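Undergrad: Okay, handing you the structure first.
Just so it is clear, none of the values below were taken in a lab; they were calculated from the coordinates. Since we're looking at a predicted model, the values are computed, not measured. Positions of Cβ are generated from backbone atoms using ideal geometry, with glycine treated the same way; all protein chains shown enter the neighbour counts.
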């Protein structure tokens with residue numbers, strides 16, 4: 001028995017696979033990845049579905065494939081709240097890895113795929129390496145971090161922060177599991193160590209680390225100037241009466257600024273612009289309904305919040321892809337549609353796999369079962 005199915009890899013072609021509900025989606029996705037050895041983007045309808053699928057895939061994957069997550073901001077449209085820094089960190093890390101990782105499985109949501117993003121040039125311009133022995137004065141690194149959107153604080157606790165104590169600098173790089181502590185000898189970086197922010201104790205030494213920007217938009221003087229100009233051109237209001245305009249002009253990043261992201265760039269991108277050409281797009285058969293629901297939510301929120309002249313907001317189509325834009329992007333790739341309806345021949349007569357709660361590893365039978373099917377699908381086709 002194999003979970004593999006015949007798939008047409010022609011861009012724009014829509015392959016339909018029936019009988020996929022529950023954890024069958026995870027099994028089928030991994031079987032496709034094993035069979036076709038291409039990058040995969042799976043678009044979950046909701047964050048809850050994304051979380052469930054991610055747990056199942058991480059359990060079944062056994063480190064065979066690189067799994068990347070691209071969450072949405074998990075805020076309501078036009079919220080005056082910014083996403084948690086951990087979410088921004090993970091999003092930026094995934095965007096960076098998409099250009100570096102071979103055949104990843106990217107798990108995301110429909111909302112994430114609709115939202116306009118920073119272009120690749122923003123990431124490329126703000127990325128840099130830190131190396132042991134590198135000549136880089138502490139003051140120069142401080143300026144680079146500030147330009148990349150990092151916040152200078154007393155003690156580092158979150159992604160996107162740095163602190164200076166004498167000849168030491170603590171930095172919490174975006175995409176990293178722990179912060180780093182940098183020690184200098186004159187103008188040269190003498191050592192770089194991971195450390196625990198709770199205990200402040202060093203964990204281990206590292207010779208090199210890649211640094212990502214702390215924001216999805218530029219906080220440089222050029223980026224701020226671009227925002228100021230675009231804001232004045234876009235909104236028919238006195239910019240001096242807008243706190244968000246005043247804050248950004250002063251170099252302060254206000255909460256909820258993510259919904260003004262397009263004003264920081266002459267042209268935005270989408271997650272599809274970061275994908276390799278051979279990527280397989282997987283979505284559910286009720287994708288259109290989810291897309292319509294998201295756009296309706298944006299329109300409703302826009303209608304209720306558009307009255308505030310001190311905080312003017314962009315139109316939904318300025319923040320999200322239009323329908324024609326979205327389907328033009330999708331048609332650049334081969335598409336696979338998962339449907340819960342009908343029957344899937346590979347799952348028509350599955351053995352019952354019981355969970356033994358008394359065993360040392362209660363899920364061992366399930367894992368053994370899934371590995372057998374995964375192994376067969378990897379060697380078929």
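Undergrad: Would you mind checking the tilt of helix 47-61 against the longest principal axis of the Cα atoms of the chain, expressed as 0 to 90 degrees and rounded to 10?
TA: Result, in degrees: 60.
Undergrad: Assuming R0 = 25 Å, what is the FRET efficiency of residue 278 and residue 324, from their Cβ-Cβ distance, to the nearest 0.05?
TA: On the way: r = 24 Å, r/R0 = 0.96.
So the FRET efficiency works out to roughly 0.55.
Undergrad: What ranking of 207, 237 emerges when the number of other C-beta atoms within 10 Å of each C-beta is taken as an exposure proxy, fewest first?
TA: 207, 237
Undergrad: Using alpha carbons only, how many angstrom separate the centre of the stretch 157-209 from the centre of the stretch 42-65?
TA: Using only Cα atoms to place each centre, the spacing works out to 32 Å.
Undergrad: How high is the relative contact order of the chain, given as a whole-number percent (alpha carbon pairs under 8 Å, six or more residues apart)? If you can, show how the numbers build up before the last one.
TA: Values: 657 pairs, mean separation 104.8, N = 381.
Normalised by residue count, the contact order of the chain is 28 percent.
Undergrad: Once both axes come from the Cα atoms, what is the angle between helix 24-36 and the longest principal axis of the chain, in degrees from 0 to 90, rounded to 10?
TA: Here the helix axis deviates by roughly 80 degrees.
Undergrad: Calculate, for residue 48 and residue 191, the FRET efficiency according to 1/(1 + (r/R0)^6) with r their C-beta to C-beta distance and R0 35 Å; round to the nearest 0.05. Before the final figure, lay out the partial values.
TA: Details: r = 43 Å, r/R0 = 1.24.
Result of the calculation: an efficiency of 0.20.
Undergrad: Right, here's the next one. Name the residue, out of 206, 271, 171, whose mean-square fluctuation peaks in a Gaussian network model built on the chain with Cα pairs under 10 Å.
TA: Of 206, 271, 171, the Gaussian network model singles out 206 as fluctuating most.
Undergrad: Run the numbers on the stretch 128-211 and let me know its relative contact order in percent, using alpha-carbon pairs under 8 Å that are six or more apart. Please list the in-between numbers first.
TA: Working: 167 pairs, mean separation 24.5, N = 84.
That works out to 29 percent.
Undergrad: Still on this model: How many nm separate the modelled label positions at residue 340 and residue 128, each set 7 Å beyond the Cα in the direction of the Cβ?
TA: For residue 340 paired with residue 128, the spin-label model returns 5.0 nm.
Undergrad: Now for a separate question. If we count other beta carbons within 10 Å of each Cβ, what is the order of 181, 234, fewest first? Don't jump to the answer; show the numbers that get you there.
TA: On the way: 181 21, 234 15.
In order of increasing Cβ crowding within 10 Å: 234, 181.
Undergrad: For the chain, modelled as a GNM with alpha-carbon contacts under 10 angstrom, which of 63, 18, 178 fluctuates the most?
TA: Its mean-square fluctuation being the largest, the pick is 63.
Undergrad: Report, to the nearest 10°, how far helix 287-305 tilts away from the longest principal axis of the Cα atoms in the chain, using its own Cα long axis and a range of 0 to 90°.
TA: Its long axis makes an angle of about 30 degrees.
Undergrad: Let me ask something else. Would you kindly calculate the translational diffusion coefficient of the stretch 131-266, applying Stokes-Einstein with the Kirkwood radius from alpha carbon pairs, for 10 °C and a viscosity of 1.306 mPa s, and quote it in µm² s⁻¹ without decimals? Intermediate values should be presented prior to the final figure.
TA: Details: Rh = 16.3 Å.
It diffuses with D of about 97 µm²/s by this estimate.
Undergrad: Further, regarding this structure: Based on the alpha-carbon gyration tensor of the stretch 84-174 and its eigenvalue square roots a ≥ b ≥ c, which shape applies: rounded if a/c is under 1.5, prolate if not and a/b is larger than b/c, or oblate? Please report the intermediate quantities before stating the final value.
TA: Working: a/c = 2.37, a/b = 1.79, b/c = 1.32.
Prolate, because a/c is 1.5 or more and a/b exceeds b/c.
Undergrad: Obtain the nm distance between the two label points defined at residue 13 and residue 168 by a simple spin-label model: each point lies 7 Å from its Cα along the Cα-to-C-beta direction.
TA: Here the modelled spin labels are 6.0 nm apart.
Undergrad: Between rounded, prolate and oblate, where does the stretch 154-193 land on the alpha carbon gyration tensor, with a ≥ b ≥ c its root eigenvalues, rounded for a/c under 1.5, else prolate if a/b exceeds b/c?
TA: Working: a/c = 2.96, a/b = 1.65, b/c = 1.80.
Oblate, because a/c is 1.5 or more while a/b does not exceed b/c.
Undergrad: Could you give the length gained by full extension between residue 100 and residue 58, i.e. 0.36 nm per residue of separation minus their alpha carbon distance, to one decimal place? Please list the in-between numbers first.
TA: Working: separation 42, 0.36 × 42 = 15.12 nm, distance 2.07 nm.
That works out to 13.1 nm of additional length.
Undergrad: If you don't mind, there's one more thing I want to ask. Using a Förster distance of 45 Å, how high is the FRET efficiency between residue 135 and residue 234, based on the Cβ-Cβ distance and rounded to 0.05?
TA: In this case the efficiency is close to 0.55.
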